[in-house]
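First up is the structure itself, then whatever we jot down about it.
Every number in this text was worked out from the coordinates using simple rules, so none of it is lab data. In this text the structure is predicted, and so the values were computed from the model without any measurement. We place every Cβ from the backbone using ideal geometry, glycine too, and count neighbours over all the protein chains shown.
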Amino acid sequence: MGAKENILQKIRNAKQKVEGANQDIDLNSEIYTSFDGDLVSEFIFNIENVDGTAIACESIAFLKDELIKVLNHQKIDSVYCVDSKIQKLLEGFNIPFTSGSEDFLDMETAITGCEFILARTGSILITSQAGSGRRLNVFPPNHIVIVNENQLVKDLDVVFNKLEDKYGDNIPSLITNITGPSRTADIEKTLIIGAHGPKKLIVFILKG
């Protein structure tokens, strides 16, 4: 058998294997495991499965107490925040924050908002047009997100429709889905947390 025929035969064999494997796929089965509970519980369950943390807050007072508790536990004296809405919240909580470019490289913890959070995957969806911009979601070692319950959706199908409704033809140039702290296993198949972004991801969901 010549080289050309040998290559063609390998292609035929590979095609037969793929076609055989496809016969065993149930295209009608559910992709995701069903979850018995509300969307908040589903989000918390799924983000914890990817080493993130989520805290459901029944009130502003509860949010304040839990946020201060987290900052004290991690011995964080000041946070970095450029989102004007969250800045007002931090001022009301008497939590010190910085926002200047001269403080950017030294920040340990950033607090941001987001566009949506996804219950099905425990993910956070951000865009370049959100109040915190692009950089704060990947640079600081600790990333804290504050989000309202009305920004919680089931999955990406819902998100895309909402983004179209919100932005119309002016879709943001950056749309990113964050699922848990940054991680990689590229080096010797060893999992490293915080390789290309935050080591800790904490989401506060303000209910109601």
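The condition of being surrounded by fewer than 20 Cβ atoms within 10 Å (Cβ to Cβ) and at positive phi holds for N94.
A count restricted to the range 49-81 and to residues that are assigned to a helix (DSSP H, G or I) and touching a strand residue (DSSP E or B) at 6+ places or on another chain (Cβ under 8 Å) stands at 6.
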